[in-house]
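The values are calculated or read from the model by the stated rules, or taken from the named source; none is laboratory data. Every value quoted in this text rests on a predicted model; they were computed, and no experiment measured them. Please note: Cβ atoms are built from the backbone with ideal geometry, for glycine as well, and neighbour counts cover all protein chains shown.
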């Protein structure tokens, strides 16, 4: 039986199947180790689908957002992430900016982003949900599984993760 204690252990155990994110995501959340089934949003400077996704049942899920690496505004902050916690989301990974950093750091959610920014987002309804997104060297597919800790981000295909999910769940508990 394989004992997973970290993302490097997941890579070692599933080297042929694991996708490892390039370095560059910063940790902003209060939870340092999180994992779950991937749900995705593709958007650019529009938070409509981020908020809409996080307002749904997120038990066992992590929202992965490709926001085009925009550095001109934040696309989420403490208010939306508070609702995400209430809906059971384990975390968010944002190829974009986050705001309300001191508050987000105290929240019980994983939150990775490329930077922080005080600016407010737009809500025009642009973007798509549950489509493949690609950034930091990984193609994130809805339904695959993501594992995050202070070392990095690893994605496993759904079939591989599902076959080993209880081991993974047991090993990633804090």
Practice problem: Determine whether segment 38-59 contains at least one residue that is outside any strand (DSSP E or B) and closer than 18 Å to residue 164 by Cβ. | Solution: no
Self-check item: Residue satisfying condition, being surrounded by fewer than 21 Cβ atoms within 10 Å (Cβ to Cβ) and touching a residue at least 24 places away in the same chain (Cβ under 8 Å), within set 7, 56
Solution: 56
Quiz item: Since residue 161 meets every condition but one in (1) touching a helix residue (DSSP H, G or I) at 6+ places or on another chain (Cβ under 9 Å); (2) at pLDDT 95 or above; (3) under 13 Å from residue 62 (Cβ atoms), which condition does it not meet?
Solution: (2)
Quiz item: Going by the structure shown, is residue 93 closer than 18 Å to residue 35 by Cα and touching a helix residue (DSSP H, G or I) at 6+ places or on another chain (Cβ under 8 Å)?
Solution: no
Self-check item: Where residue 92 falls short, out of the listed (1) within 14 Å of residue 31 (Cβ to Cβ); (2) at pLDDT 95 or above; (3) assigned to a loop (DSSP other than H, G, I, E, B)
Solution: (3)
Quiz item: What is the residue count in segment 102-158 for residues that are assigned to a loop (DSSP other than H, G, I, E, B) and under 20 Å from residue 11 (Cβ atoms)?
Solution: 9
Practice problem: Please indicate, with yes or no, whether at least one residue in segment 12-21 is within 16 Å of the chain's Cα centre (by Cα), under 17 Å from residue 83 (Cβ atoms) and at pLDDT 95 or above. | Solution: no
Exercise. Check residue 132 against each of (1) modelled with pLDDT of 95 or more; (2) in contact with a helix residue (DSSP H, G or I) (Cβ under 8 Å, 6 or more places away or on another chain) and name the one condition it does not meet.
Key: (2)
